[in-house]
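*Asks:* Below is one structure. I have some questions about it.
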Amino acid sequence: HYNSRGGVDFVLALGDDVADEDMFKVIASYHKDVQYRVTSGSNELQEVKVFGCTVGKQPSSAAYCLYKAEEVLELMAGLYLQNKHRSFSMMELSGSRSPRAPPPSAP
């Protein structure tokens, strides 16, 4: 799947320890080298989004900081919802079936 899509387009690295600093440096270096990727089936360039985020620990070489573990949960929930709203099957995109309906609300 990775190779068929032309590589990664999103990297999120979270860490809360001094041992994670090497990871933040590696992904920052990766982002400098690979800022765009060619999407599969076209010559269109797509930006590679890279986020290094420390949790609670400052200072850090990470570009972003969340101050509490609860904020990590909120971030993950937001990413899930964003992806859920953007994800459609090929049948849905081709018009063979209507997009997924939201789950029924609790009575």
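*Asks:* Could you report the accessible area of LYS49 in Å², rounded to 10, computed with a 1.4 Å probe on the protein chains as they sit in the structure?
*Replies:* 90 Å²
*Asks:* Could you sort SER60, SER29 by their accessible area in this structure, using a 1.4 Å probe and putting the largest first?
*Replies:* SER29, SER60
*Asks:* What list of ³J(HN,Hα) values in whole Hz, one per residue of segment 63-71 in order, does the Karplus curve 6.51 cos²θ - 1.76 cosθ + 1.60 (θ = phi - 60°) give from phi, with Gly and Pro shown as x?
*Replies:* Calculated HN-Hα couplings, in order: 6, 10, 9, 10, 8, 9, 4, 4, 5 Hz.
*Asks:* If you rank PHE24, PHE51 by how much accessible surface each has, with a 1.4 Å probe, what is the order from largest down?
*Replies:* PHE51, PHE24
*Asks:* How far apart, in nm, are two points set 7 Å out from the Cα along the Cα-to-Cβ line at SER29 and at LYS49?
*Replies:* Each label point lies 7 Å from its Cα, and together they span 2.6 nm.
*Asks:* Whenever you get a sec, line up TYR30, TYR80 from highest to lowest accessible area (probe 1.4 Å, protein heavy atoms).
*Replies:* The residues order as TYR80, TYR30, largest area first.
*Asks:* Sticking with this one: Got a number for the accessible area of ASP20? Probe 1.4 Å, square angstrom, nearest 10.
*Replies:* Probe radius 1.4 Å; accessible area of ASP20 about 40 Å².
The values are calculated or read from the model by the stated rules, or taken from the named source; none is laboratory data. Everything numeric in this text was worked out from a predicted model, so none of it was measured. Because the Cβ atoms are built from the backbone with ideal geometry, glycine has one as well, and the counts that use them run over all protein chains shown. Surface accessibility is based on the protein's heavy atoms, side chains included, excluding ligands, DNA and RNA. Shrake-Rupley method; radii C 1.70, N 1.55, O 1.52, S 1.80 Å.
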